[in-house]
Amino acid sequence: MSKVVEISPTTRHEGHSKLTLKVNDQGIIETGNWCSITPVRGVEKLAVGKTPEQVPKIASRVCGICPIAHNLAATEAMEASIKCEIPKDALMLRHILQLANRLHSIALHDILILPDLYLPGTEVKINPFTAEEPVRTVAKRIQRLREIGQTIGQIAAGDCIHPRNTRVGGMYRNVSEQAKTKMYDLAKEGLPLAKAQMDLMIAILRNYQAREHVDVGGMKVALPKTLGYHNQGYLATHAFYGSSSMDECPSWDIRRFKEVRPWDWYMGEMEVSLEEPRYPIGGTTKMGTKVNPQMEACTGIPMYDGQPVEVGPRARLAVYKGYDEKGTVGQNIAREMEYTDCFYEMFDCLEELNTAGKVVADYIPDGDGTLGWASNEAPRGTDVHLARVKDWKVQYFSMLVPTTWNFATCSAALQGAPWQLAEVIMRGYDPCVSCATHMIVLDEDNKVVAQKLIQ
Amino acid sequence: MLHSEIVIVGCGNPLFGDDGFGPAVIEEMEKLELPDNVTIQDGGAGAPHFIFNFLDPAVTKKLIVVDIADFNAKPGSISRIAGNDLKPGAYVDPHSWDGVDQLCRIKEKIDTTLVMCQPTKVIDKGDAEVDMELSEAVRNAVPKAIQVILETIGVDYGTTINLQERRQPAETCGKAR
């Protein structure tokens, strides 16, 4: 008979989410629901009536981890709506900023997943904060990679958290030749570190994959070879950066997108009937607790061609480079493979960048109310922003954020796994839950039905 | 990171009303002529993992953190707290590193000061209300906070407006915004 177990809150990711799992007598997940419990922000409503310069700044505040992706996607959605083409050198600076941000994010994710993994050849799980070798050297390398990413971002964008150099129509300023050289030097220092870190992480992940059992809170759990497998398909709009043109990027067609209500997708009211006090940290939810993922979930379910899809590093590699490894380990390895790509692409951008070139468009139209969109391949996946600008005022704004796409896909990937490994599968998506929590829900006739939640 | 001897960080999220106090102070300080050894940064909601995490005690000797805090005073009151008075909290989740925890690690190596403002409405974690305006009392406290910061870093008179570096749209732009 099925039992219900709940892990709440989930840990080692940004934001607040939980896993509600219906499991069989062997503890294998029959139905898994991963849902956001971060309160809805309503940022899209706040944007209406503001100027196109203000909205990217607002968008970049929805989360403490991904301001750069949101700032770029929102800025480019405004530009798409007003039909403004930015100079090539401005695009290069934005691209460098985005790659620097991705580099930092991959390194941060290494810290988050290492405690699930083992030192190869031992039964010791990795504590990235230990002062003991060999982990200390690895931790220092991760920290240096994060620092390199943040510093390059700071040079390209004026600030490494909330970029102040970006603007509708391009960038405020180009960088100096000296600043370009500094970015080059940092990238040259970072490439061998990234290569070494990627190789190490792949070895650690392969070692994990080859194990028969893993330990979770003192419980010996059989590790399935199909951990995290799903058949939902992938969505990526660019190998590295992003796009705002259907001609350039035929893989994203807004007419093929629809977002549905969580209460049509998640399980209804149930009672927790399995409790495990040994589960880290602090045990699972108490027996007898009422749970209701349908009503508790704070995001819609985005669909592409009527199905949830996976976005993120594996989706980019699958769509543009023929990568085909399924499962949680395959997903984490795809992320590691983007480490060195960040630097190679950055070298190309730096070579292209002319520090004497103009970085602001000659003419910035006021907008005629056309719907514009821009996708940005954020570290966690496709971040699509939509905007309608008329007479220099934003009439409509919406954010389709990577983790929102991945909630339903990850829920499907939980099926067939031991419940104790549900968080390991979830962490493979490197969730950023705060960003994901925006509720614009359409019914079958594309009418907004969840307005009340955001007003 | 491109930090200097003195680092001033404004923390908070301007989407949550008075929580935007730290970034508002930084925005105002950008207009000031400050010594070369001072870096000012809008930390937003990411200061613990994007800034505190990367400070190098060999370079940075003084850290000033600007934020809101509930210390049972009149809204808009400013309080200066030495880093040594901070108590460590519980470590739960490395992706949402608690700022206080991080500061407790730093304070031993870097002279840390917190400049805090009492908000009109205390914002709890998980508050869903979005409001981009600072309350009047907190908005009026911005100049006072800047005075306290300047005094802390030893700048006697730092309120000169920097006219040279005012940000302007590029000349090639068709229309001034």
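The values are calculated or read from the model by the stated rules, or taken from the named source; none is laboratory data. Since the structure is predicted, the reported quantities are computational estimates derived from the model, not experimental observations. FYI the Cβ positions are ideal-geometry reconstructions off the backbone, even for glycines, and counts take in every protein chain you see.
Do you know which of the residues in region A:208-262 that are among the aromatic types (Phe, Trp, Tyr) and farther than 30 Å from A:Gly372 by Cβ is nearest to the chain's Cα centre (by Cα)? Top of the filtered list is A:Tyr229. Condition test on A:Lys182, is it within 16 Å of A:Leu200 (Cβ to Cβ) and more than 25 Å from the chain's Cα centre (by Cα)? So A:Lys182 fails the test. Would you be able to say whether some residue in region A:110-122 is among the acidic types (Asp, Glu), in contact with a strand residue (DSSP E or B) (Cβ under 9 Å, 6 or more places away or on another chain) and within 13 Å of chain B (Cβ to nearest Cβ)? Yes, the conditions are met somewhere in region A:110-122. In this structure, does B:Thr39 turn out to be surrounded by 15 or more Cβ atoms within 10 Å (Cβ to Cβ), within 14 Å of chain A (Cβ to nearest Cβ) and in a loop (DSSP other than H, G, I, E, B)? Against the criterion (surrounded by 15 or more Cβ atoms within 10 Å (Cβ to Cβ), within 14 Å of chain A (Cβ to nearest Cβ) and in a loop (DSSP other than H, G, I, E, B)), B:Thr39 does not qualify.
For region A:387-415, the tally of residues that are more than 24 Å from the chain's Cα centre (by Cα) and surrounded by fewer than 20 Cβ atoms within 10 Å (Cβ to Cβ) stands at 5. Scanning region A:45-58 for residues that are in contact with a strand residue (DSSP E or B) (Cβ under 7 Å, 6 or more places away or on another chain) and either within 10 Å of chain B (Cβ to nearest Cβ) or under 14 Å from A:Ser244 (Cα atoms) (or both) returns A:Lys50, A:Thr51, A:Pro52, A:Glu53.
Being in contact with a helix residue (DSSP H, G or I) (Cβ under 8 Å, 6 or more places away or on another chain), at the interface with chain B (Cβ under 10 Å from one of its Cβ atoms) and under 30 Å from A:Leu371 (Cα atoms) is true of A:Ile65.
For region A:15-32, the criterion of being within 9 Å of another protein chain (Cβ to nearest Cβ), within 29 Å of A:Val272 (Cβ to Cβ) and either in a loop (DSSP other than H, G, I, E, B) or at pLDDT below 85 (or both) is satisfied by at least one residue.
Given the options B:Leu2, B:Leu34, name the one that is within 12 Å of chain A (Cβ to nearest Cβ) and either farther than 30 Å from A:Ile142 by Cα or outside any strand (DSSP E or B) (or both). Within the list B:Leu2, B:Leu34, the selection yields B:Leu2.
Condition check ((1) within 14 Å of chain B (Cβ to nearest Cβ); (2) in contact (Cβ under 8 Å) with a residue 60 or more places away in the chain) across all residues:
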site: A:Pro87; (1), (2): yes, yes
site: A:Leu99; (1), (2): no, yes
site: A:Glu132; (1), (2): no, no
site: A:Arg136; (1), (2): no, no
site: A:Glu147; (1), (2): yes, no
site: A:Gln178; (1), (2): yes, no
site: A:Lys195; (1), (2): no, yes
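Where strands (runs of 3 or more DSSP E) sit wholly within region A:317-418, those with at least 2 residues that are within 14 Å of another protein chain (Cβ to nearest Cβ) occupy A:393-400.
Looking across region B:1-33, the residues that are surrounded by 20 or more Cβ atoms within 10 Å (Cβ to Cβ), at pLDDT 90 or above and under 28 Å from A:Asp185 (Cβ atoms) come down to B:Ile6, B:Val7, B:Ile8, B:Val9. Just one of the listed residues (A:Thr75, A:Thr10) is under 27 Å from A:Ile281 (Cβ atoms) and among the β-branched types (Val, Ile, Thr), namely A:Thr10. Of everything listed in (1) in contact with a strand residue (DSSP E or B) (Cβ under 6 Å, 6 or more places away or on another chain); (2) modelled with pLDDT of 85 or more; (3) polar (S, T, N, Q), the single unmet condition for A:Asn292 is (1).
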